[in-house]
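Here the structure is laid out as structure tokens; the discussion comes afterwards.
The values are calculated or read from the model by the stated rules, or taken from the named source; none is laboratory data. Computed from a prediction, not measured in an experiment: that's the story for all the values here. Neighbour counts run over all protein chains shown; Cβ positions are idealised from the backbone, glycine included.
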């Protein structure tokens, strides 16, 4: 299967990382639990996944149109998750889930591109609004495909070959968001650990990644406190090649 490629100059793209996260445009409130959406069905190629995401965006718009004006305004507020999060959680869960369990349309992603552009235009030389829009599409749709359909599945295939007696259980998007856990590993019926699967770039020490890794460590601590097992990072390529092969020794020790 083909990968999505970064659609703009890579240096410009990297410089949008911090604003993208600081604006919380990556939050499930803003784009849905994409890791959960992509597991809803099997896609033959990346184009099918992109089409499905937009279709789920159209379904979201239909559900919003059935609500009262106040709820509609809250659900369509692009910046509320950052500016007034408490307003969101006054809503019933089934209303909140309209945002979290659905995709977005092309026009809605274009609005996020505009928000991103306005945040970076004075700091990134020659960046254009259209480039920000394509960066948004890549982050929401492309990185989800590359990370989950390609990297995660190929990596789990690699680990399964090394440990045929282990059972790898994929967790939901909401679970991942709360605990930074992609899979739980079971020996027979006993939970022995959890893993999060990351690209090689996760090992870099940029300001954004340092902040993200710190947040993930806290989420992993919360998981360990709740389930009494450790969480490990598996650093791998989209083809399932393991960069941190020491994880194999770690898992072998847990199976003793």
Exercise for review: Could you please find all residues in the range 1-21 being closer than 23 Å to residue 119 by Cβ and loosely packed, with under 13 Cβ neighbours inside 10 Å?
Suggested key: 10, 11
Review point. Quick check, is residue 118 over 20 Å from the mean Cα position of the chain (by Cα) and either more than 28 Å from residue 175 (Cα to Cα) or surrounded by 19 or more Cβ atoms within 10 Å (Cβ to Cβ) (or both)?
Key: yes
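Does residue 109 satisfy the criteria of being within 18 Å of the chain's Cα centre (by Cα), closer than 20 Å to residue 18 by Cβ and surrounded by 14 or more Cβ atoms within 10 Å (Cβ to Cβ)?
Numbers: within 18 Å of the chain's Cα centre (by Cα): yes; closer than 20 Å to residue 18 by Cβ: yes; surrounded by 14 or more Cβ atoms within 10 Å (Cβ to Cβ): yes.
Answer is yes for this residue.
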Point to revise | the range 43-67, residues that are without any contact (Cβ under 8 Å) to a residue 40 or more places away in the chain, part of a helix (DSSP H, G or I) and out of contact with any helix residue (DSSP H, G or I) (no Cβ under 8 Å at 6 or more places or on another chain) | key: 47, 48, 51, 62
Practice item. Determine whether the range 42-59 contains at least one residue that is buried (at least 17 other Cβ atoms within 10 Å of the Cβ), modelled with pLDDT of 95 or more and over 25 Å from residue 3 (Cβ atoms). Key: no
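Among the candidates 91, 40, which residue alone is more than 21 Å from the chain's Cα centre (by Cα) and part of a loop (DSSP other than H, G, I, E, B)? Walk me through how you get there before you give the answer.
Working: 40 fails: more than 21 Å from the chain's Cα centre (by Cα).
Just one listed residue meets the conditions, 91.
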Practice item. Could you list, in sequence order, all residues of the range 177-206 that are assigned to a helix (DSSP H, G or I) and surrounded by fewer than 20 Cβ atoms within 10 Å (Cβ to Cβ)? Key: 177, 178, 200, 201, 202, 203
